[in-house]
Amino acid sequence: MSAYIPYFLNSLTLISILLLVSMGMAIIFGLMNVVNLAHGEFITIGAFTLVVVERVGGNFWLALIVAPVVGYIFGLILERVLIRRVYGNALHALLMTWGLSLILQQVIQLIFTANPQSIKGPFPGAISIFGENYPAYRLFLICFALAVFVVTVLVFKKTKFGLDLRASIQSPEMASVMGVNPAKINAHAFASGAALAALAGVLLAPLTAVTAYMGLNYLARSFFVVLIGGAGSISGVAAGSVLIGGLETFLSYQIPVTVAQAAVLILAIVILRFRPKGILPA
């Protein structure tokens with residue numbers, strides 16, 4: 001029994017990471033239908049916000065509050081200056097966000113250099129679970145990711161903002177007649193997706209080397225999580241994360257990690273061939 005504990009917890013850790021990085025994508029791409037190739041850079045911005053906060057004397061917990069605010073403000077500015085000009089034009093959005101991604105990578109590298117930034121987690125110790133020691137920070141990450149997911153679902157299912165967003169996406173004209181400002185709702189929705197990505201960056205930072213290109217590792221997987229779960233379905237993100245995260249962890253015990261990641265992405269393509277609307281479509 002104890003031999004399976006590390007595998008189970010490692011699966012939950014990867015699932016939690018994918019859940020965190022994909023929720024912002026689920027809003028921007030799944031709900032708003034904007035192909036955002038700069039999503040990984042929002043994750044990077046969150047991680048480097050932690051670097052800056054620690055340099056000025058702050059700590060992880062302060063960065064956990066500051067990073068989503070930074071991501072939200074940056075996302076709001078980006079939406080109003082660039083993104084709203086390409087709504088309804090997937091090719092233009094693709095090219096614009098790809099260019100933005102390249103620019104942000106170079107700017108971040110110029111500011112912080114190409115050297116990896118090392119971050120220490122807030123919980124340095126380990127906790128014994130059924131006789132197996134497991135890093136306390138990873139357990140915190142699992143619980144925190146679940147809490148963020150539940151709050152996000154409640155916001156988009158139960159609040160006026162979530163209702164207005166769904167109405168604006170389904171019929172902007174009808175939403176306008178009902179007193180909803182689609183432009184304002186879209187701006188705040190895009191900014192919310194950016195804030196979630198930045199929050200994910202803070203939580204990822206203690207687990208990996210923080211570089212200007214760290215977000216690229218999660219861009220493709222977050223797209224596949226949203227597509228497999230069901231584009232437009234926040235709840236589907238959980239299903240996609242469980243499938244990809246659980247399978248990737250299992251395969252990583254059998255074959256090299258890079259091969260396992262490639263195999264999972266190929267399987268995701270096959271699944272989409274037979275279920276183009278995903279596991280839990282909206």
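The values are calculated or read from the model by the stated rules, or taken from the named source; none is laboratory data. Everything numeric in this text was worked out from a predicted model, so none of it was measured. Because the Cβ atoms are built from the backbone with ideal geometry, glycine has one as well, and the counts that use them run over all protein chains shown.
Applying the criterion of being outside any helix (DSSP H, G or I) and closer than 21 Å to Phe140 by Cβ to the residues of the range 43-85, the residue that is farthest from the chain's Cα centre (by Cα) is Gly58. In this structure, Val180 does not qualify as surrounded by 14 or more Cβ atoms within 10 Å (Cβ to Cβ), under 17 Å from the mean Cα position of the chain (by Cα) and free of Cβ contacts under 8 Å to residues at least 60 places away in the same chain.
Which one of Ser222, Ser233, Ser252 is buried (at least 18 other Cβ atoms within 10 Å of the Cβ), out of contact with any His (no Cβ under 8 Å at 6 or more places or on another chain), in contact (Cβ under 8 Å) with a residue 40 or more places away in the chain and of a type in the set (S, T, N, Q)? None of the other options fit; the residue is Ser233. Check the range 100-112 and report whether any residue there is in a loop (DSSP other than H, G, I, E, B) and exposed (fewer than 14 other Cβ atoms within 10 Å of the Cβ). The answer is no, given that none of the residues of the range 100-112 is in a loop (DSSP other than H, G, I, E, B) and exposed (fewer than 14 other Cβ atoms within 10 Å of the Cβ).
Looking only at the range 1-15, how many residues end up being surrounded by fewer than 24 Cβ atoms within 10 Å (Cβ to Cβ) and either at pLDDT 80 or above or of a type in the set (S, T, N, Q) (or both)? Write out each step before concluding.
Step one: filter the range 1-15 for residues surrounded by fewer than 24 Cβ atoms within 10 Å (Cβ to Cβ), giving 1-14.
Keeping just the survivors that are either at pLDDT 80 or above or of a type in the set (S, T, N, Q) (or both) gives 2, 8-14.
Count: 8.
Looking across the range 102-147 at every residue that is among the small types (Gly, Ala, Ser) and in contact (Cβ under 8 Å) with a residue 24 or more places away in the chain, the one that is farthest from Ala238 (Cα to Cα) is identified as Ala114. Checking the range 42-51 against the condition returns a match, with at least one residue being under 21 Å from Leu219 (Cα atoms), in contact with a helix residue (DSSP H, G or I) (Cβ under 8 Å, 6 or more places away or on another chain) and among the small types (Gly, Ala, Ser).
For the criterion of being surrounded by 24 or more Cβ atoms within 10 Å (Cβ to Cβ), in contact with a helix residue (DSSP H, G or I) (Cβ under 7 Å, 6 or more places away or on another chain), at pLDDT 90 or above and β-branched (Val, Ile, Thr), Ile27 fails.
Conditions (1) within 23 Å of Pro135 (Cα to Cα); (2) within 14 Å of the chain's Cα centre (by Cα); (3) of a type outside the set (Lys, Arg), marked per residue:
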position	(1), (2), (3)
Asn186	no, no, yes
Gly193	no, yes, yes
Val202	yes, yes, yes
Ala212	no, no, yes
Leu219	no, yes, yes
Phe223	no, yes, yes
Val226	no, yes, yes
Thr258	no, no, yes
Ala262	no, no, yes
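Of the residues in the range 209-220, none is assigned to a helix (DSSP H, G or I), aromatic (Phe, Trp, Tyr) and more than 30 Å from Gln117 (Cβ to Cβ).
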